[in-house]
Amino acid sequence: MKPLIKLIILSFIVSSSLVSCRKDIEPIKPNTNPTTTAKTIAELKAPSNFNWNTSNKVIFSMVGIKGDVRKSTLKIMTPNNDVLFQKLQNVSDNYTGEIEVPSFTKTVIVSFIGVSTSYDITSGKIETSVK
């Protein structure tokens, strides 16, 4: 008798949980503002102030240490370690150059002689010195 009561109680719990989890189904509403897809570049429409560039140019300048005979790899990377620029650089030499970075990138990491430093690039330039 006890197993029968347990079975009835268990079946009641299972059936009530299945019924109570029912979701209301809402009908899909039709799109009232259909959009057209451009088939050629000439058909693209964008505001006159839209920026089509996918990269920005950043001027990088670094002042070296006079008389230091070491060489090291100068590396400029995105925060997720994608290398944007890399060169072998004399520690004693100054360097100035222009690099292109993805337009969504707001900071870069400069690594030189074992030191990595993060720089904000929203101004379009990075100025640093070796210490």
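Could you work out which residue, out of Ser92, Ser118, Ser11, moves most in a Gaussian network model of the chain, that is, has the largest mean-square fluctuation with Cα springs under 10 Å?
Maximum among the listed residues: Ser11.
Can you give me the long-range amide H partners of Asp93? Hydrogens built in the peptide plane at 1.01 Å from N, cutoff under 5 Å, separation of 5 or more residues or another chain.
Ile65
With a cut-off of 8 Å between alpha carbons and a minimum separation of six or more residues, what is the relative contact order of the chain in percent?
It comes to 24 percent, rounded to a whole number.
Only Cα pairs under 8 Å and at least 6 apart count here; give the relative contact order of region 55-129 as a rounded whole percent.
41
Net charge near Val130, counting Lys/Arg +1 and Asp/Glu -1 over other residues with Cβ under 13 Å of its Cβ?
Value of the local net charge: +1.
Please list, by residue number, every one of the chymotrypsin sites (Phe, Trp or Tyr not before Pro) in region 77-131 that is coil in DSSP and has at most 16 other beta-carbon atoms within 10 Å.
Sparse-neighbourhood loop chymotrypsin sites (Phe, Trp or Tyr not before Pro): Phe104.
Using a Förster distance of 41 Å, how high is the FRET efficiency between Lys39 and Thr122, based on the Cβ-Cβ distance and rounded to 0.05?
With a Förster radius of 41 Å, E is 0.65.
Per the helix-only calculation at 222 nm, which mean residue ellipticity applies to the chain, given -39500 (n - 2.57) for every DSSP H run of n ≥ 4 and division by its residues, nearest 500 deg cm²/dmol?
After summing the helix terms and dividing by residue count, I get -5000 deg cm²/dmol.
Note down the net charge around Val110, summing +1 for each Lys or Arg and -1 for each Asp or Glu among other residues with Cβ under 13 Å from its Cβ.
Summing Lys and Arg as +1 and Asp and Glu as -1 gives +2.
Between (1) 21.7; (2) 15.6; (3) 21.0, which matches Kirkwood radius over Cα pairs in Å calculated for the structure shown?
So the structure-derived entry is (3).
Give the long-range amide H neighbours of Phe60: residues separated by 5 or more places, or on another chain, with amide H under 5 Å away, using H modelled in the peptide plane at 1.01 Å from N.
For Phe60, whose amide H was placed from the backbone, the distant partners under 5 Å are Gly97, Glu98, Ile99, Ile126.
How much net charge surrounds Ser72 when only the other residues with a Cβ under 14 Å from the Cβ of Ser72 are counted, with Lys and Arg +1 and Asp and Glu -1?
Spelling it out: positives minus negatives among the neighbours equals +3.
Starting from the amide H of Ile121, placed 1.01 Å from N in the peptide plane, find each other amide H under 5 Å away whose residue is 5 or more places distant or on another chain.
Thr107, Val108
Give the angle, between 0 and 90 degrees and rounded to the nearest 10, that separates the Cα long axis of helix 2-20 from the longest principal axis of the Cα atoms of the chain.
Tilt relative to the chain: about 60 degrees.
Short version: ³J(HN,Hα) in whole Hz for each residue of region 57-62, in order, from phi by Karplus 6.51 cos²θ - 1.76 cosθ + 1.60 (θ = phi - 60°), x for Gly and Pro, what are they?
Values, residue by residue: 8, 10, 8, 10, 9, 9 Hz.
Computed from the coordinates by the stated procedures, all read-outs in this text should not be read as laboratory data. The model shown is predicted, which means the values in this text are computed figures rather than measured ones. A quick note on method: Cβ atoms are made from the backbone with ideal geometry, for glycine too, and the neighbour counts reach across all protein chains shown.
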